[in-house]
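The values are calculated or read from the model by the stated rules, or taken from the named source; none is laboratory data. These figures come from a predicted structure and were not determined experimentally. Glycine also receives a Cβ, built like all others from the backbone with ideal geometry; neighbour counts cover every protein chain displayed.
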Amino acid sequence: MKGAIIGDIIGSVYIDKPVDPNNFQLIKPASAYTDDTILTLSTADALLNKKPFDETLREWVRHCPMAGYREEFLNWVLSDNKNVYISKGNGAARRISPVGFAAETLEEAMQLAEETTKITHNIPLKIKASKAVAGAIFIAKNEGTKLEIKQFVEDAFEFSINDNTSGYSISAIEKSPVPAAVSAFLQSDSYEDAIKNAILIGGPTNTLASITGGIAHAYYKHIPKSIIRKSLARLTPEMKSLIVAFEDKYFPQQKSPAEFILSIR
């Protein structure tokens, strides 16, 4: 899960800005978490603590209301309106990574992805996008190959994944960032390389890098310590504690929770 959050933080300073591939700095002083991180944490919290997705989403957004949400979405969260919010944005695919890590079967990943997506994006295209990301992460976590991931996403999303990220226009990414984000992962040879590929696409770089980062973390199972430390130092203790608890249960690594906490201080 932290791979998605780190991707959001790294991508935050490059949104809609030209990036020089020959002078690229992963983490800058202004790098910060955005609404992608808060919504991802809300999904993780719901899964870890067996809480309703909608209630947990509202809790986290209300707790962190200044993370850059769409105005209409924030107004909906802050109100007592219990009606389903229908967004044409891509917030559901951005927050879905914890589902891929927590699900015990691919079928469960699909069911959970649809359940949480419908809260705010009850649109067939957006549900397919969320399922594609959750499924890709589940397959990657369980030692699936890049070819298996690509074939699954193409089948679930009903869209061809380009062999070159330069083939994605901004309008195509606005429709859904998932194909471009998956392409960035498929062309990588490490977590860091995947994030760079996503950033160099341009446009909504935090969203692209968040989606790419979740898949890359599940697949490579390693993020350089320096990137973890510099990125997650921007989070609150509460956020870090949730990441530790979630990954200790659903994606345990070689480090103990205590060692992980020390590595990000």
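Filtering segment 78-97 for residues that are at pLDDT 95 or above and either of a type in the set (A, V, I, L, M, F, W, C) or loosely packed, with under 13 Cβ neighbours inside 10 Å (or both) leaves a non-empty set.
Note on segment 79-111: residues that are under 19 Å from Ala156 (Cα atoms), assigned to a helix (DSSP H, G or I) and either among the small types (Gly, Ala, Ser) or within 15 Å of the chain's Cα centre (by Cα) (or both) amount to 11. Conditions first: (1) free of Cβ contacts under 8 Å to residues at least 40 places away in the same chain; (2) surrounded by fewer than 20 Cβ atoms within 10 Å (Cβ to Cβ). Lys146 passes all but one, so which condition is the exception? Result: Lys146 passes all but (1).
Inclusion of Ala245 among residues that are modelled with pLDDT of 85 or more, part of a helix (DSSP H, G or I) and buried (at least 17 other Cβ atoms within 10 Å of the Cβ) is not warranted. In this structure, Arg70 qualifies as among the charged types (D, E, K, R), more than 24 Å from Leu232 (Cβ to Cβ) and surrounded by 12 or more Cβ atoms within 10 Å (Cβ to Cβ). Just to be sure I understand, how many residues within segment 39-78 are out of contact with any helix residue (DSSP H, G or I) (no Cβ under 9 Å at 6 or more places or on another chain) and either among the β-branched types (Val, Ile, Thr) or in a loop (DSSP other than H, G, I, E, B) (or both)? Within segment 39-78, residues that are out of contact with any helix residue (DSSP H, G or I) (no Cβ under 9 Å at 6 or more places or on another chain) and either among the β-branched types (Val, Ile, Thr) or in a loop (DSSP other than H, G, I, E, B) (or both) number 2. Residues that are surrounded by 15 or more Cβ atoms within 10 Å (Cβ to Cβ), among the polar types (S, T, N, Q), touching a residue at least 24 places away in the same chain (Cβ under 8 Å) and part of a helix (DSSP H, G or I) occur at least once in segment 150-167. Which residues, counting only those in segment 4-42, are surrounded by fewer than 23 Cβ atoms within 10 Å (Cβ to Cβ) and among the hydrophobic types (A, V, I, L, M, F, W, C)? Correct list: Val13, Ile15, Val19, Phe24, Leu26, Ile27, Ala30, Ala32. Restricting segment 209-242 to residues that are among the hydrophobic types (A, V, I, L, M, F, W, C) and surrounded by 24 or more Cβ atoms within 10 Å (Cβ to Cβ) leaves a set whose member that is farthest from Val99 (Cα to Cα) is Ala209.
When only residues in segment 112-133 that are in a helix (DSSP H, G or I) and among the aliphatic types (A, V, I, L, M) count, which is nearest to the chain's Cα centre (by Cα)? Per the criteria, the residue is Val133. Listed by first and then second residue, the pairs linking a residue in segment 213-240 that is at positive phi to a residue that is of a type in the set (Lys, Arg) and modelled with pLDDT of 95 or more, with Cβ atoms under 9 Å apart and 6 or more places separating them unless they lie on different chains, are Lys221/Lys141.
So in segment 1-36, with the set limited to residues that are among the polar types (S, T, N, Q) and closer than 9 Å to Asn206 by Cβ, which one is nearest to the chain's Cα centre (by Cα)? Taking the candidates together, the pick is Thr34.
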